[in-house]
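Enquirer: One structure coming up, written as structure tokens, with questions to follow.
The values are calculated or read from the model by the stated rules, or taken from the named source; none is laboratory data. Since the model is a prediction, treat every value here as computed from it, not as a measurement. All Cβ positions, even for glycine, are placed from backbone atoms using ideal geometry, and neighbour counts span all protein chains on display. Surface accessibility is based on the protein's heavy atoms, side chains included, excluding ligands, DNA and RNA. Shrake-Rupley method; radii C 1.70, N 1.55, O 1.52, S 1.80 Å.
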Amino acid sequence: MKKRIIALTGFMGCGKSTVGRELAALTDAHFADLDSVIVRREGRTIRDIFSAGGESAFRRAELEALEAFLDKAESIWKPSVLSLGGGTFCFPASRQILLDRTESVYLKTSLEEIRSRIGKSDASRPLFKDADRLFAMREPLYSQASLVVNTTGKSVREVAELIRDTLFA
């Protein structure tokens, strides 16, 4: 593996956190979820950040949390797996940092499969109400990741093993 940090990207509900935990366990890596890092740094929920300042305030907080996490992760001995928010990789500044400093992995999952996993709407996901438009806009950006893994028909374990076998070989 040429970089010590694996960043999982993809649309909300594609399994980034679940696969990330499994991959970290398989590789003895540190696991973190960027949304959790943001909540800890900001002292408020993602929903509260969106409510107070909109998406632009959230993206600023997200970029700051991402940079701080990467700085810390690069200084620890063992590799790290970072589960990104669904939009993180879609913003140019974040995407460039991720391409430069991580092995980015796109967990490619159809919108139909995502809807079957999380339902037609999810109040905990502020942008899900606009899923069709967002998915169409974001999919080409996710595809710029270092590695694209199609998750269709694969278990969490199979996806994590595929990533491990590709990046840790």
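Enquirer: Under a 5 Å amide H to amide H cut-off, with H placed in plane at 1.01 Å, what residues pair with Ile6 once short-range neighbours are removed?
Expert: Ser80, Val81, Leu82, Glu103
Enquirer: While we're on this one: In percent, what relative contact order does the chain have, based on Cα pairs under 8 Å that are 6 or more apart in sequence?
Expert: 38 percent
Enquirer: In nm, to one decimal, how far is the Ser155 label point from the Ser110 one, both placed 7 Å along Cα→Cβ?
Expert: 2.2 nm
Enquirer: Can you give me the long-range amide H partners of Asn150? Hydrogens built in the peptide plane at 1.01 Å from N, cutoff under 5 Å, separation of 5 or more residues or another chain.
Expert: Placed amide hydrogens put Lys108 under 5 Å from Asn150.
Enquirer: Can I ask one more? Subtracting the Cα-Cα distance from 0.36 nm times the residue separation, let me have the gained length for Thr45 to Arg60 in nm, one decimal.
Expert: Full extension of this stretch gives 3.9 nm more.
Enquirer: Same structure, new question: Quick check: at a probe of 1.4 Å, how many percent of the accessible area of the chain sits on carbon and sulfur atoms?
Expert: Numbers: 4170 of 8090 Å².
Exposed carbon and sulfur together represent 52 percent of the surface.
Enquirer: Another question, then. Give the accessible surface of segment 51-169 per residue, rounded to a whole number of Å², with probe radius 1.4 Å and ligands, DNA and RNA excluded.
Expert: On the way: 5900 Å² over 119 residues.
Per residue, segment 51-169 has 50 Å² of solvent-accessible surface.
Enquirer: Along the Cα-to-C-beta direction of Asp100, a point sits 7 Å from the Cα; which residues of segment 47-74 have their amide N less than 19 Å from that point?
Expert: The answer is 60-74.
Enquirer: Which peptide among 107-113, 18-24, 60-66 comes first, and what is the full order, when sorted by highest mean count of other Cβ atoms within 10 Å?
Expert: 18-24, 60-66, 107-113
Enquirer: With the cut-off at 1.5 for a/c, could you classify segment 11-77 from its C-alpha gyration tensor as rounded, prolate or oblate?
Expert: Verdict is oblate for segment 11-77.
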